[in-house]
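One structure is given here, and the rest of the page talks about it.
Just so you know, all these numbers are worked out from the coordinates, no wet-lab data involved. Bear in mind the structure is a predicted one, so any value in this text is a computation, not a measurement. Ideal geometry is used to build each Cβ from the backbone, glycine not excepted, and the neighbour counts take in all protein chains shown.
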């Protein structure tokens, strides 16, 4: 039974992570941001964004009625770093980015919470 549960867990994890994005933690995300030429998209709510965000981030709430329209207006050729608070909403958002033709996606796996926990700078 344990082997079956482990196998199911591994399959679920693989399916959840089955996307074309590069997955990074806060330290690597900070290096990518420092290099410039990356669009940072924060898919949290406006209120969450106002409480603190990564400098230069564009807030596009995944729950907003015009989420897909706002994402479609972004430059699909630029590297795009997508994140939320913990990684769940941004993983869902990646599907929209991919559907719209974004090919250079980067996902901040632990989200803004991981960014803060790593002591990275926060703008308010």
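Let me check against my output: what whole-number percent is the relative contact order of the chain, with C-alpha pairs under 8 Å and at least 6 apart? Walk me through the intermediate numbers first.
Working: 182 pairs, mean separation 41.4, N = 124.
Contact order relative to length: 33 percent.
Between helix 2-16 and the chain, what is the angle of the helix's C-alpha long axis to the longest principal axis, kept within 0 to 90° and rounded to the nearest 10?
Value to nearest ten degrees: 30.
Provide the packing ranking of 97-110, 62-75, i.e. peptides ordered by the mean count of other C-beta atoms within 10 Å per residue, highest first.
Put in order of decreasing packing, that is 97-110, 62-75.
Which of the three applies to region 8-124, rounded, prolate or oblate, going by the alpha-carbon gyration tensor with a ≥ b ≥ c and a/c under 1.5 meaning rounded?
The shape class here is rounded.
How high is the relative contact order of region 22-86? Use alpha-carbon pairs under 8 Å, at least six apart in sequence, and give a whole percent. The partial results should precede the final answer.
Values: 65 pairs, mean separation 26.3, N = 65.
Relative CO of region 22-86 lands at 40 percent.
Enter the angle in degrees (range 0 to 90, nearest 10) between the Cα long axis of helix 26-35 and the first principal axis of the Cα atoms of the chain, meaning the one along which they spread out most.
Orientation of helix 26-35: about 40 degrees from the principal axis.
Go ahead and estimate [θ] at 222 nm for the chain from helices alone: -39,500 (n - 2.57) per DSSP H run with n ≥ 4, summed, over the residue count, rounded to 500.
After summing the helix terms and dividing by residue count, I get -13000 deg cm²/dmol.
If you line up the long axis of helix 88-99 against the longest principal axis of the chain, both from Cα atoms, how many degrees apart are they, to the nearest 10?
Long axis of 88-99 versus the principal axis of the chain: about 80 degrees.
Set the Förster radius R0 to 22 Å, insert the Cβ-Cβ distance between residue 76 and residue 27 as r into 1/(1 + (r/R0)^6), and round the FRET efficiency to 0.05. Don't skip to the answer; put the middle values down first.
Values: r = 27 Å, r/R0 = 1.22.
The computed FRET efficiency comes out at 0.25.
Out of all DSSP beta bridges with both ends in the chain, state the antiparallel percent to the nearest 5. Present the calculation step by step, with values, prior to reporting the outcome.
Details: 1 of 13 bridges.
That works out to approximately 10 percent antiparallel.
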